[in-house]
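Trainee: Right, I'll just put the structure down here and ask away after.
The values are calculated or read from the model by the stated rules, or taken from the named source; none is laboratory data. Quick caveat: nothing in here was measured; it's all calculated off a predicted structure. Don't worry about glycine lacking a Cβ; one is built from the backbone with ideal geometry, like all the others, and counts go over all protein chains shown.
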Amino acid sequence: MKIITSFLIVILFAACADGQKVKEDAVPPSVVSAFHKMYPEVKQHTWYHEDANYEAEYNEAKMEMAVTFDKEGNLMETENEIPVNNLPKGIADYVSKNYSGAAIREASIVTDAKGVKTYEAEIKGTDLIFDEQGKFLNEEKD
């Protein structure tokens, strides 16, 4: 019984570690307004509260997209899923060399508020972050 209880606690903790799903009416009006102004064509989206920020996720052309705002409605970043084969060549080479046998499961371009772009390559529950030239920057655990 202790094992089952411990297992359930671990699962609950893991579920809470990600952003918390929230209804649009729980999102500050400035954030909702900024989202709808930037993306008036997006009708189906889901809100998440992550740390002090709010993220709207939606699909476009069967790819996942996300946009993050601070609580005042200022754009923090956008994230656009891309086909894995659209990553700069250096990224696949880096993964092959440093993560033997790992496959890139998902790829994204992340653009911050200043227009700086980075690439994310997801492997085994870890996001590998690269600059625009494909140079490794860091890794983030999911």
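Trainee: Go through segment 29-45 and count every residue that is in a loop (DSSP other than H, G, I, E, B) and either charged (D, E, K, R) or surrounded by fewer than 17 Cβ atoms within 10 Å (Cβ to Cβ) (or both).
Mentor: Count: 6.
Trainee: So, one more: Checking the conditions here, which among Lys71, Lys62, Lys43 is closer than 26 Å to Arg105 by Cα and of a type in the set (Lys, Arg)?
Mentor: The unique qualifying residue is Lys62.
Trainee: Can you give me the number of residues within segment 68-113 that are assigned to a strand (DSSP E or B) and β-branched (Val, Ile, Thr)?
Mentor: Qualifying residue count, segment 68-113: 6.
Trainee: May I pose another question? Please give the number of the condition Val116 fails out of (1) in the same structural domain as Glu139 (by TED's automatic domain parsing); (2) surrounded by 15 or more Cβ atoms within 10 Å (Cβ to Cβ); (3) of a type in the set (Val, Ile, Thr).
Mentor: (2)
Trainee: Failed condition for Met65, given (1) within 21 Å of Val116 (Cβ to Cβ); (2) modelled with pLDDT under 95; (3) not assigned by TED's automatic domain parsing to the domain that holds Gly115, with all others met?
Mentor: (2)
Trainee: Could you tell me which residue of segment 118-136 is nearest to the chain's Cα centre (by Cα), considering only residues that are part of a loop (DSSP other than H, G, I, E, B) and free of Cβ contacts under 8 Å to residues at least 40 places away in the same chain?
Mentor: By that ranking, first place goes to Gly125.
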